[in-house]
1. For the stretch 50-69, enumerate the residues that are open to solvent by less than 10 Å² (accessible area, probe 1.4 Å), assigned to a helix (DSSP H, G or I) and either at pLDDT below 90 or among the charged types (D, E, K, R) (or both).
2. Look through the stretch 250-295, keep the residues that are closer than 15 Å to SER230 by Cα and not hydrophobic (A, V, I, L, M, F, W, C), and return whichever of them is surrounded by the fewest Cβ atoms within 10 Å (Cβ to Cβ).
3. Kindly indicate the residue of the stretch 199-216 that is over 22 Å from PHE261 (Cα atoms) and not hydroxyl-bearing (Ser, Thr, Tyr) and also least open to solvent (accessible area, probe 1.4 Å) among those meeting that condition.
4. Just give me the residues in the stretch 1-49 being among the aliphatic types (A, V, I, L, M) and in a loop (DSSP other than H, G, I, E, B), in sequence order.
5. Could you give every pair whose Cβ atoms fall below 7 Å, whose first residue belongs to the stretch 333-357 and is more than 20 Å from THR211 (Cα to Cα), and whose second residue is open to solvent by less than 80 Å² (accessible area, probe 1.4 Å), counting only separations of at least 6 or pairs across chains?
6. Is the stretch 247-262 home to any residue that is among the hydroxyl-bearing types (Ser, Thr, Tyr), free of Cβ contacts under 8 Å to residues at least 12 places away in the same chain and in a helix (DSSP H, G or I)?
7. State whether the residues of the stretch 104-119 include one that is at pLDDT 90 or above, aliphatic (A, V, I, L, M) and under 23 Å from VAL194 (Cβ atoms).
8. Take the residues of the stretch 70-115 that are open to solvent by less than 30 Å² (accessible area, probe 1.4 Å) and basic (Lys, Arg): which is nearest to ILE128 (Cα to Cα)?
Amino acid sequence: MTLSVLWFILIAVLWIGYLTLEGFGFGVGMIYKFVAKDERERRALLGTIGPHWDGNEVWLLTAGGATFAAFPEWYGTLFSGAYLVLFLILLALIVRVCAIEWRGKINSDTWRARWDWAHTISAWLPAILWGAAFANLVQGMQIEVVEVASRKVVPVSEALAAQSAGTLIPGASHEITGGFWSLITPFTLLGGLVTCSLFLTHGALFAALKTAGDLSKRCSALALKLGVVSTVLTALWALWAQLAYSASPASWIGLVLAALFLVASLYLNLRGRQGLAFATHFGAIAFAVVFIFLAITPDIMRSAINPAYSLTISQGASADVTLLIMSIAAVVFVPVVLVYTIWSYKVFAKRINAEKIDPNAGLDPVKVRDNSAKPVGLAY
């Protein structure tokens, strides 16, 4: 196995870590405004993700950094051509951070309500956009190989020769030339609905597992309804992707396993096995990512204009010495991150009881201006 293929697999693993872990964080943010009946329950739901959401974001930062270092042409093509989409995701993530951290600072219903809506919207937006982005990778984008100096499109025969040799054309780069609206198609819109529904279900399952009493029961019932919707949507999109766009028979493995785990999650939730239901749904999202990465191989950026303009794994990879240094670092640090992540979830494994939460947390808004306010209760 070459180092470029190894790092393609490792980047897939990083995306699995981000989408499976931050997926329930988005899901809780998407539902808590509507599921919680009062401030105690809203605080309880936010408390389920409070110790974890910032750690989960590390997986995204690492995936982006690894892509930049291991596949610079992939990083450059994607981030320049889909800049607006990625900017919207980044903006939503920033607003989400502010909403989580600031809502509990002031003891005011109006203050908290505004940040709650900001949190909900900033959770829904990336949940949809991430699905559309990955769907574009599977479907292919309006990509051409363009000479940087002259801005002329490289002939197909020349691009194909470079692709076969696994090299880039000097003085040329892969570029998304179709613009923002070329990224929006029925297939990518359905992809957005798939991740949105999966995150909703994932969040409801996690909330049911982490809360107690009536709130936990309501979240579990919601997860069951959402699970049916997400399973149907995922099946439709995955079959469409496999039959229309996948060039790899191996991607059937990811598709079938994701489907089996989704069905198992539904069954286990119906039987009241919340822990196993969440674990199998976790596995379903993981295998969905496996399906996506298998479906796009041997490309990392597929061209919908002509296959010769697609960017392959070997073309987009950095030099072997760079990949070797990165591999040594990964062997040292990735196990540390995994151990710490598992430990943090074990430490905060206890269920949260909404009835034991003080709803009057934060600074007195009347005393804020004269600097005499003192904090009350927890931040969430």
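The values are calculated or read from the model by the stated rules, or taken from the named source; none is laboratory data. Keep in mind that what you see is a predicted model, and the values were worked out from it rather than measured. Glycine gets a Cβ as well: all are built from the backbone with ideal geometry, and neighbour counts include every protein chain shown. Side chains included, ligands, DNA and RNA excluded: accessible areas come from the protein's heavy atoms. Shrake-Rupley method; radii C 1.70, N 1.55, O 1.52, S 1.80 Å.
1. ASN56
2. The extreme case among them is TYR267.
3. Result: LEU215.
4. In the first step, residues of the stretch 1-49 are kept if they are among the aliphatic types (A, V, I, L, M); the result is 1, 3, 5-6, 9-14, 16, 19, 21, 28, 30-31, 35-36, 44-46, 49.
Correct list: MET1, ALA36.
5. From the stretch 333-357, the pairs are THR341/GLY55.
6. Start the filter on the stretch 247-262 by keeping residues that are among the hydroxyl-bearing types (Ser, Thr, Tyr), which leaves 248, 251.
Imposing the further condition that a residue be free of Cβ contacts under 8 Å to residues at least 12 places away in the same chain reduces the set to none.
Within the stretch 247-262, not a single residue is among the hydroxyl-bearing types (Ser, Thr, Tyr), free of Cβ contacts under 8 Å to residues at least 12 places away in the same chain and in a helix (DSSP H, G or I).
7. No, the stretch 104-119 contains no residue that is at pLDDT 90 or above, aliphatic (A, V, I, L, M) and under 23 Å from VAL194 (Cβ atoms).
8. ARG96
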